[in-house]
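Each reported figure results from applying straightforward, stated rules to the coordinates on display, with no laboratory input. Quick caveat, the model's predicted, so the values are computed rather than measured. Using ideal geometry, Cβ is built from the backbone for each residue, glycine included, and neighbour counts are taken over all protein chains shown.
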């Protein structure tokens, strides 16, 4: 009797797994690839640090400043960046209609790590400023944070064009 019960449990498990995989394959086959529409205009990003930025000597990635858009690098500096120097990236590839997420990281001098540090990020579309962010680090840590930019579709469906969140 126990053997029969073990065979039934095994058959239910294997049958359920096979049914799941079969249904999953049909659902995945029916999905179309989601493609986000490219945003209209030429975008630029300007970064201005209020502190001296330098590579982290203890990190395997020897960058001083890093900016990514949706996980893809836009800017990676491996040298010192002086306070007040405006770094500009133009054109910025990959801005799409809808939500765009930026990741920013900067390394202050080791002896200034116990202070809060700020970076100003400005985003432009066709030369006009559309968003501005002040990014702050906590004392004792390097500056590493994310921020978002919401871009309306190019066809003008939405009235709140290019507001940052």
How much length, in nm to one decimal, is gained on full extension between residue 1 and residue 101, taken as 0.36 nm per residue of separation minus their Cα-Cα distance?
30.1 nm
The residues 117, 133, sorted from fewest to most surrounding Cβ atoms within 10 Å, come out as 133, 117
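For residue 134 and residue 13 in the same chain, what is the full-extension length gain: residue separation times 0.36 nm, less their Cα-Cα distance, in nm?
Working: separation 121, 0.36 × 121 = 43.56 nm, distance 5.45 nm.
That pair, residue 134 and residue 13, stretches by 38.1 nm at full extension.
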For the chain, find the longest principal axis of its Cα atoms and tell me its angle to the long axis of helix 2-30, 0 to 90°, nearest 10.
50 degrees
Potential extension, residue 37-residue 58 segment - 0.36 nm per residue separation minus Cα distance
3.6 nm
In the Gaussian network model of the chain, springs joining C-alpha atoms below 10 Å, which of 25, 131, 86 carries the largest mean-square fluctuation?
25
If you work out Rg and Dmax of the Cα atoms in Å from the coordinates, which of (1) 21.0, 65; (2) 18.3, 61; (3) 24.2, 81 do you get?
(3)
Once normalised by the length of the chain, the mean sequence separation of its alpha carbon contacts under 8 Å that are 6 or more apart gives a contact order in percent of 23 percent
